[in-house]
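*Asks:* Below are the structure tokens for one structure; questions will follow.
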Amino acid sequence: MNLYFQKNSIAFSLISGSLVTALTVYIAISMLLVPQSIIISISLSMGVLSLGLIRYYSNSYDDISNTQNGNNHLGDNAKNNNQNNIRNNANDFNRNIIFVLVFLAAIVICAFFSRPEIDHVFKNWYVIGINEVVGLGAGIILTFFLPGYAVLLLLTRNYTINPVLKVLLAYLLSMLITGVTVYLSEMFFDNNVSENKTLILGIYAFLLVSVVIYYRTFRVIYSFNSDIRYLIANSSSILIKILKFHNSEFLVFGSLFTILIISTNYLYGGITIGDQWYHQNRIMLFMSGQFKEFVLTNGDEIYPPLQSALLAGLTTISGTPLVNTFSSIAFLNMTAVFAFYFFSSAWFPRGNKRAALFAASLFLIASGFGWIYIISLAETNPIGSQIEAIDTFIEENQFMIREKKRQISVISDLLTIDALDVEKLKGLRSIETMPIIDLGMLS
């Protein structure tokens, strides 16, 4: 009987907590005259976030520990340890095979099916075809993940690394590989777009071949062995087990990712806003082979060049116009959330490590807590028009968070598009292709 009431109590907490959260967020954002489509989307995402957090913290500490550690506490039985080692080695081999196949496919797509677009900087998203979308996706994973992961595989074969840390290190190393390659190519060789593409893909291919030789995954080329068939046959069951063990975490991070997409890609409509034109101007200099000359004439002294070199490399290998490429990677801000989650889980004391999930959630939706001040201003001085909403937001300069400086501040982004910007967005969306213009005039 007690178990029955306990289960009902948990279910009631899940439902009521999610509904209350969604309703509260809806009322709060409605005070700021944000469009209904964005209000509803964020409210639903916050409700799902609340559901995931309540479900996660409803479980006992032992349940979470067992779920996360899996079979790490099987005792000292040598037979079990040997079986686990064999199973882990097989799983590692299967993962390496998948990595090699994905890496190879991405290189082939960018090498043969994508062509750098230097005649136009923007295309209407509605006229971009499936080939360009696939090329953009392949370019993103090549630029921001696969090369760094290959380096980790080569350096850490005999070590075990936390999966979250491995993803973060792969992200960092991949950016360094691509950015430094493009920068050095421009500074010492004055390469153009096609030459940069060949150089970048050549380095990626070298890393891929190194992994294949080092881990001897070339055996798969000659024999489609039982390891692959076992992986394919059991992929669904493995996925179901992962979702079952970590369903609360998937709900939390999935809702956070949705909020991130709404506050960037969806809100801006996939076009350039504000001082992003300055950075895109520098990217065009890299792609045209003129950045070195620009630097020698003291024309660039504000920002380090790595970001521009990195995005020039991405635009080059993806074959997607610059503005589309630049606006498509806003979702990568999610890596900051994963980094903060890893930091919190490593820094918090042993008995409080579960608080890392809640800390990561606060980092995304409430970093800085300036949004609380904005809500309080809207409550004391009710907003009656969009202009008043903007005036409320800029009452104090410290709350004007520009896109390039922020980590993620959802409420800030929702208020930075005034009536003039909206008209600009509507005008740009009606243009299918935007020719190259003097971007320096827009910086």
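*Asks:* Does any residue in the range 109-130 that is assigned by TED's automatic domain parsing to the domain that holds ASN324 and closer than 11 Å to THR320 by Cα come within less than 6 Å, Cβ to Cβ, of a residue that is at pLDDT below 85 and part of a helix (DSSP H, G or I) six or more places away or on a different chain, and which pairs are these?
*Replies:* PRO116/VAL193; ILE118/VAL193
*Asks:* OK, next. Run down GLU249, GLU293 and say which single residue is modelled with pLDDT of 75 or more, part of a helix (DSSP H, G or I), buried (at least 16 other Cβ atoms within 10 Å of the Cβ) and among the acidic types (Asp, Glu).
*Replies:* Working: GLU293 fails: buried (at least 16 other Cβ atoms within 10 Å of the Cβ).
Selected residue: GLU249, the only one of GLU249, GLU293 that is modelled with pLDDT of 75 or more, part of a helix (DSSP H, G or I), buried (at least 16 other Cβ atoms within 10 Å of the Cβ) and among the acidic types (Asp, Glu).
*Asks:* Tell me whether the range 94-101 contains one or more residues that are at pLDDT 85 or above, of a type in the set (Val, Ile, Thr) and surrounded by 15 or more Cβ atoms within 10 Å (Cβ to Cβ).
*Replies:* Kept after step one, since they are at pLDDT 85 or above, are these residues of the range 94-101: 99-101.
Among the residues that remain, those that are also of a type in the set (Val, Ile, Thr) are: 100.
When the remaining residues are screened for being surrounded by 15 or more Cβ atoms within 10 Å (Cβ to Cβ), the result is 100.
Scanning the range 94-101 turns up at least one residue that is at pLDDT 85 or above, of a type in the set (Val, Ile, Thr) and surrounded by 15 or more Cβ atoms within 10 Å (Cβ to Cβ).
*Asks:* Of the residues ALA359, ALA336, only one is hydrophobic (A, V, I, L, M, F, W, C) and either touching a helix residue (DSSP H, G or I) at 6+ places or on another chain (Cβ under 7 Å) or at pLDDT below 90 (or both); which?
*Replies:* On the way: ALA336 fails: either touching a helix residue (DSSP H, G or I) at 6+ places or on another chain (Cβ under 7 Å) or at pLDDT below 90 (or both).
Going through ALA359, ALA336 in turn, just one is hydrophobic (A, V, I, L, M, F, W, C) and either touching a helix residue (DSSP H, G or I) at 6+ places or on another chain (Cβ under 7 Å) or at pLDDT below 90 (or both): ALA359.
*Asks:* Considering the range 296-326 alone, what residues qualify as being among the polar types (S, T, N, Q) and either surrounded by fewer than 21 Cβ atoms within 10 Å (Cβ to Cβ) or closer than 15 Å to CYS110 by Cβ (or both)? Quick ask: steps written out before the conclusion?
*Replies:* Step one: filter the range 296-326 for residues among the polar types (S, T, N, Q), giving 297-298, 307-308, 315-316, 318, 320, 324-325.
If the condition is that a residue be among the polar types (S, T, N, Q) and either surrounded by fewer than 21 Cβ atoms within 10 Å (Cβ to Cβ) or closer than 15 Å to CYS110 by Cβ (or both), then THR297, ASN298, GLN307, THR315, THR316, SER318, THR320, THR325 are the ones that fit.
*Asks:* Now for a different question. Of the residues in the range 208-217, how many are part of a loop (DSSP other than H, G, I, E, B) and at negative phi?
*Replies:* So the count comes out to 2.
*Asks:* Tell me, which residue of the range 168-182 that is free of Cβ contacts under 8 Å to residues at least 60 places away in the same chain and crowded, with 20+ Cβ neighbours inside 10 Å is nearest to GLY202 (Cα to Cα)?
*Replies:* So the residue we want is ILE177.
*Asks:* What are the pairs, 6+ residues apart or on separate chains, where a residue within the range 287-298 that is assigned by TED's automatic domain parsing to the domain that holds THR198 has its Cβ under 7 Å from a residue that is at pLDDT 80 or above and surrounded by fewer than 16 Cβ atoms within 10 Å (Cβ to Cβ)?
*Replies:* LYS292/MET187
*Asks:* To continue, here is another question. Quick one: is ILE141 in the same structural domain as LEU296 (by TED's automatic domain parsing) and at pLDDT below 95?
*Replies:* Numbers: in the same structural domain as LEU296 (by TED's automatic domain parsing): yes; at pLDDT below 95: no.
For ILE141, the condition - in the same structural domain as LEU296 (by TED's automatic domain parsing) and at pLDDT below 95 - is not met.
*Asks:* Test TYR183 against the stated conditions and say whether it is of a type outside the set (A, V, I, L, M, F, W, C), under 22 Å from ALA105 (Cα atoms) and assigned by TED's automatic domain parsing to the domain that holds VAL323.
*Replies:* Working: of a type outside the set (A, V, I, L, M, F, W, C): yes; under 22 Å from ALA105 (Cα atoms): no; assigned by TED's automatic domain parsing to the domain that holds VAL323: yes.
It is false that TYR183 is of a type outside the set (A, V, I, L, M, F, W, C), under 22 Å from ALA105 (Cα atoms) and assigned by TED's automatic domain parsing to the domain that holds VAL323.
*Asks:* So, LEU104, is that one surrounded by fewer than 18 Cβ atoms within 10 Å (Cβ to Cβ) and modelled with pLDDT of 85 or more or not?
*Replies:* Numbers: surrounded by fewer than 18 Cβ atoms within 10 Å (Cβ to Cβ): yes; modelled with pLDDT of 85 or more: yes.
Taking the combined requirement at face value, the residue satisfies it.
*Asks:* Just a yes or no: is a residue in the range 148-165 in contact with a Cys (Cβ under 8 Å, 6 or more places away or on another chain), surrounded by 15 or more Cβ atoms within 10 Å (Cβ to Cβ) and in contact (Cβ under 8 Å) with a residue 60 or more places away in the chain?
*Replies:* Within the range 148-165, the subset in contact with a Cys (Cβ under 8 Å, 6 or more places away or on another chain) is none.
No; the residues of the range 148-165 include none that is in contact with a Cys (Cβ under 8 Å, 6 or more places away or on another chain), surrounded by 15 or more Cβ atoms within 10 Å (Cβ to Cβ) and in contact (Cβ under 8 Å) with a residue 60 or more places away in the chain.
The values are calculated or read from the model by the stated rules, or taken from the named source; none is laboratory data. Nothing here was measured: the structure is a model prediction, and the numbers come from that model. With ideal geometry, Cβ positions are generated from the backbone for all residues, glycine too; neighbour counts draw on all protein chains shown.
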